[in-house]
Amino acid sequence: MIKDNVRLLGIGLSLLLVTLAFATPFSNPTLTTYAQDNTSFANSIASLVKKAHDVSLSYTNETGKSGKGQVDNKTKIAITDSFKPKFQSLINEAKALQPPKQLQNATDLYIKSLESQLQSNNHYRSYLATNNATENKLSTKLLSDSSNYEFEAFKKFKDSGLFTIAPG
C-alpha cells in the first residue's frame, strides 16, 4: 500500500506538470508565414498535451482505486494493459508533429516524457505481476524521468518566446 501511495504521488506530480497548457503564441506581423506555422504547431501541441493529461488522469484514477481497496493487482494489470495503446497513440501523435526548427528539441523532450511514462507503466505492470522490487524502482525512476523531460520541454517551449505557459 505504501508503494502504491508513492507511485500515486509520483503520478500526481507528473500530472501537475501536465496541467500546464499552451496559450496562443505571440504573433509577429513581419513573420506572417512563420507565425502561421507556429500557430498550427501551437494548436497541435496544445491538443496533444490536453489528451495526454486526460489519459494520464484517467489511468491514475483507475489504478488509484487500489489505495481505497477497490482494485486488486490483477485488475490494475488489466487496467495498465488497456491503457498501453492509449499511451502509444499519444507517442505516435507526438512523433507525427512537424514542429518549427527552433522547437524540435522541446518536442523531442516531450516525446521522451511520453515514452518514459509508458515504460514506467510497463515496469509497474511487471511489478504488480511479480512483486519484484526492482521493477517498482524502475517504474518510479522512469516516472520521475518522464516528469523531468516534460518540465524541460515546457521550459524550452516557454523560453522560445513563442508560447506563454499558464497553470491549467
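Annotations
- For the range 144-168, the candidate set comprises residues that are hydrophobic (A, V, I, L, M, F, W, C) and modelled with pLDDT under 85; within that set, the residue that is farthest from the chain's Cα centre (by Cα) is Leu162.
- Boolean, Asn43 is of a type outside the set (Val, Ile, Thr), modelled with pLDDT under 95 and under 18 Å from Ser120 (Cα atoms): no
- Any hit, the range 117-138, residues being among the hydroxyl-bearing types (Ser, Thr, Tyr) and touching a Phe, Trp or Tyr at 6+ places or on another chain (Cβ under 8 Å): no
- The lone exception for Tyr59 - which of (1) aromatic (Phe, Trp, Tyr); (2) surrounded by fewer than 18 Cβ atoms within 10 Å (Cβ to Cβ); (3) modelled with pLDDT of 50 or more it fails: (2)
- Considering residues of the range 66-82 that are among the basic types (Lys, Arg) and exposed (fewer than 15 other Cβ atoms within 10 Å of the Cβ) only, the residue modelled with the lowest pLDDT: Lys68
- Selection count where residues are closer than 12 Å to Leu114 by Cβ and buried (at least 19 other Cβ atoms within 10 Å of the Cβ), scope the range 145-156: 5
- Within the range 51-80, restricting attention to residues that are assigned to a helix (DSSP H, G or I) and touching a Lys or Arg at 6+ places or on another chain (Cβ under 7 Å), the residue that is nearest to Asn131 (Cα to Cα) is Ile77.
- Sole exception among (1) within 19 Å of Ser47 (Cα to Cα); (2) in a helix (DSSP H, G or I); (3) aromatic (Phe, Trp, Tyr) for Tyr124, by number: (1)
- In the range 83-119, the residues that are surrounded by 15 or more Cβ atoms within 10 Å (Cβ to Cβ) and among the hydrophobic types (A, V, I, L, M, F, W, C): Phe83, Phe87, Leu90, Ile91, Ala94, Leu97, Leu103, Ala106, Leu109, Ile111, Leu114, Leu118
- Restricting attention to the range 120-144, the residues that are among the basic types (Lys, Arg) and crowded, with 20+ Cβ neighbours inside 10 Å total 1.
- The range 128-137, residues that are of a type outside the set (Gly, Ala, Ser) and touching a residue at least 40 places away in the same chain (Cβ under 8 Å): Leu128, Asn136
- For the range 67-102, taking the residues that are touching a Leu at 6+ places or on another chain (Cβ under 9 Å) and among the small types (Gly, Ala, Ser), the one that is farthest from Thr39 (Cα to Cα) is identified as Gly67.
- Considering (1) in contact (Cβ under 8 Å) with a residue 60 or more places away in the chain; (2) under 29 Å from Asn73 (Cα atoms), the lone condition that Phe154 does not fulfil carries the number (2).
The values are calculated or read from the model by the stated rules, or taken from the named source; none is laboratory data. Keep in mind that this is a model prediction, so the values were computed, not measured. Note: ideal-geometry Cβ built from the backbone for every residue, glycine included; neighbour counts use all protein chains shown.
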